[in-house]
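Have a look at the structure below, then the notes.
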Amino acid sequence: MSYQLLKGKKGIIFGALDEKSIAWKTAIRCHEEGAQILLTNAPVAMRMGEINKLAEAINAPVVPCDVSSNEDVANLITKSLEHFGGGVDFILHSVGMSINVRKGLSYTENNYEFTHKGLDISAISLHRVLQEAMKQDAVNEWGSVLALSYIAAQRVFPDYNDMSDGKSMLESIARNFGYYYGVKKHVRVNTISQSPTRTTAGSGVKGFDGFVNYAEKMSPLGNASAEDCANYCVMMFSDMTRMVTMQNLFHDGGFSFTGVTHAVIEQMEK
Ligand SMILES: NC(=O)c1ccc[n+]([C@@H]2O[C@H](COP(=O)([O-])OP(=O)(O)OC[C@H]3O[C@@H](n4cnc5c(N)ncnc54)[C@H](O)[C@@H]3O)[C@@H](O)[C@H]2O)c1
């Protein structure tokens, strides 16, 4: 169903890797709601070729950008200004990666080069994108910028590893940059803290199925799907949420405020 909530709006979407990606579903929903999209992902992810299917389906150009490269981000913002003939109304940062997780190094045995790289890609990149967008004046008045987070930013989830630190930093950058961009141009910056979701990035975490099942039992509404998350992003990009900024917004079926559920108690009594 389309409400044309984003009619006439333009946006950049990072991180659509395949059909399971939250960014992929969000791009489709934004398009359905009337937005024009520019897609971007790391050059290495693009070689898989999947993103071209999405680009065709929603008639969007694709600009490669490794978010850890200043030049790539500057080039992306310039290309976006050229393509749209002006600024964008929204940006989705849907990027995350831990090399420590990928290499199977536990939190207590992290390799700091990997940690630096992971924090750069997963958190500092939001600052890099916002800084470059501000420099080139590439986001319109009352624009909306979103990044995707996880509750491991606030609570311990063993094996989420250094991604936890990355998410804490990501949320902090959204809060702090949100202040400056709000004052300067009424641009709002928020993070959405999403339920565990079966995607390529999600499934990389050890014991991920356990995470998903536990969260499902611990959430009064059950886990929020990637489609639900896409709908929430649409709302946050729309004019219906103009005064929401610098927030970490839980989109998790109630998980974050639930102490225990009957389903978990029953399980524990077995
Ligand atoms: N899946 C979950 O359980 C879950 C839960 C909460 C939050 N999130 C967050 O949602 C976001 C999207 O993840 P997803 O679950 O859709 O998985 P995904 O694997 O589909 O998306 C991650 C994306 O990050 C991109 N990326 C990695 N390194 C990059 C780089 N150097 N430059 C540019 N892009 C790069 C990948 O190419 C990929 O498209 C991430 O921030 C993730 O941490 C996911």
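Values quoted throughout were computed directly from the atomic coordinates according to the rules given, and no laboratory measurement underlies them. Please read all numbers here as calculations on a predicted model, not as lab measurements. Cβ atoms come from the backbone with ideal geometry, glycine included; neighbour counts cover every protein chain shown.
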Which of the aspartates and glutamates could a cross-linker span from Lys9 if the Cα-Cα distance has to be under 16 Å and same-chain partners fewer than 8 positions apart are dropped? Glu32, Glu33, Glu82, Asp89, Glu141, Asp239
Entries in Lys20/Lys135; Lys20/Lys217; Lys79/Lys167; Lys79/Lys103 that, when Cα-Cα distance is taken, lie over 25 Å: Lys20/Lys135; Lys79/Lys167; Lys79/Lys103
Using only Cα atoms, find the angle between the long axis of helix 70-84 and the longest principal axis of the chain, and express it within 0 to 90 degrees, rounded to the nearest 10. 60
Give me the angle, in degrees from 0 to 90, between the Cα long axis of helix 208-218 and the longest principal axis of the Cα atoms of the chain, rounded to the nearest 10. 80
Length released on extending from Val44 to Tyr112, taking residue separation times 0.36 nm less the Cα-Cα span: 22.2 nm
For region 102-229, shape from the Cα gyration tensor axes a ≥ b ≥ c, cut at a/c of 1.5 then a/b versus b/c, turns out oblate
Long-range amide H partners of Lys10 with built H, under 5 Å: Gln36, Asp89, Phe90
Give the calculated FRET efficiency between Ala74 and Thr200 to the nearest 0.05, with a Förster radius of 22 Å applied to their Cβ-Cβ distance. 0.20
Residues Trp142, Trp24 arranged by fewest to most Cβ contacts within 10 Å: Trp142, Trp24
Lys103-His83 FRET efficiency (beta carbon distance; Förster radius 35 Å; 0.05 resolution): 0.40
Fraction of the pair-distance distribution of the chain above 33 Å, Cα-Cα pairs, percent: 17
Positive-end extreme of charge dipole, the chain - chosen from Cys233, Ser122, Ala55 (charges on Cβ): Cys233
